[in-house]
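Visitor: Handing you a structure now.
We did not get these values from a lab; they are worked out from the coordinates using the rules stated. Remember, it's a predicted structure, so these values are computed and weren't measured experimentally. Cβ: placed from backbone, ideal geometry, glycine included. Neighbour counts: every protein chain shown.
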Amino acid sequence: MDDNTDKALDAIGRLAESLSPGDLDRTIASLTTAAVEILPGVDHASITIRHSDGAIRSYAMTDPVLRELDDYQFSMKEGPCYDGVTSDAFTVCGDLLADSRYPGYGRLAWDAGIKSQAGLRLFESPTSIGGLNLYSTSVGALADITFLAGLFASHARTALTYAAQIDQLGEAMLSRQKIGQAVGVIMERYQLPEERAFGYLSRLSQDRNIKVREIAEEIIGGTDPVRSMQ
C-alpha cells in the first residue's frame, strides 16, 4: 500500500471516535466533509436518501454544483448517484464523458468540472435507503477507491444509525415535554386533575384530526383550541 492509502486507513480508523452520536443533520454533514478529507482523489461528496414514498434527495453536499448534478440523476434515473440507492452495486465511473451508461449525465457533469464519480450503498432501513456519492475533478482518480470507500461507508453507517436513534428519541422527548406543559395549562385553566386534563387534550386532537403535540403547541402559545374550531 502507498502512503496515501496508509493515511486514509489511519484516518478511517479514527472516524468512529470523532463522530460522536448527535444531531442527524450534523452527522450527515460531518460525514461528507470527512469523505473529502480522508478518501484519496475525492474532491466533493454528498449523501442521497431514497425515502419510503419513492422521493430521492441529496443532503450535505460539499459543493453547490452537486445540487444540479444530483437532481439531474434523480429526474433522469441516470448516474452513479441514482445507482447507489437503486442497486446494491458499487458503481465507479472513471471517465463520465466516455461512459456509455450515462450519455446525458456524463456531458452535464463534465461541463460542471466533474470528470469521475462513484456511488455506493450506505445504509438500508425499512423506511429509507441511503447512498454515498463521491466526485472527482480528475479522470481515473477513483479507480482504486473501492476498498477504502467501503470501509469508510461501514464506519459512516454506524454513526448514522446512532444519530438516527438519538434524533428520533429527541423528537419523542420534545413531544412529551410539550404535552406535559399543555396538560399543566389545562389543569390550571379549567381546574381539572391531570388525568382529565390529558383526556381533554386527547379529545381536542381527535375532534380536529391533528396530532396531540400540535394541539399542545397551540395551548402553550396561548391559543384557545376550542375557539379556533368555531
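Visitor: Using a Förster distance of 45 Å, how high is the FRET efficiency between Gln177 and Thr146, based on the Cβ-Cβ distance and rounded to 0.05? Please report the intermediate quantities before stating the final value.
Guide: Details: r = 46 Å, r/R0 = 1.02.
Taking R0 as 45 Å, the efficiency between Gln177 and Thr146 is 0.45.
Visitor: Run the quick spin-label model on Ser125 and Arg208: label points 7 Å from Cα toward the beta carbon, then report their separation in nm to one decimal.
Guide: Computed distance between label sites Ser125 and Arg208 equals 2.9 nm.
Visitor: Can you figure out the FRET efficiency of Lys77 with Arg26, using R₀ = 35 Å and their beta-carbon distance, to the nearest 0.05? If you can, show how the numbers build up before the last one.
Guide: Numbers: r = 31 Å, r/R0 = 0.87.
Working from the Cβ atoms, E equals 0.70.
Visitor: What does the charge count around Arg157 come to, taking other residues whose C-beta lies under 15 Å from its C-beta (Lys +1, Arg +1, Asp -1, Glu -1)?
Guide: Numbers: positive: Arg121; negative: Asp88, Glu124.
Result for the neighbourhood of Arg157: -1.
Visitor: If each of Thr137 and Leu192 carries a label point 7 Å out from its Cα toward its Cβ, how far apart are those two points in nm?
Guide: 6.3
Visitor: A further question on this structure: Which net charge results for the neighbourhood of Ala197, defined as the other residues with beta-carbon distances under 13 angstrom from its beta-carbon, given Lys and Arg at +1 and Asp and Glu at -1?
Guide: Working: positive: Arg189, Arg196, Arg203; negative: Glu188, Glu194, Glu195.
Counting the neighbours of Ala197, the net charge comes to 0.
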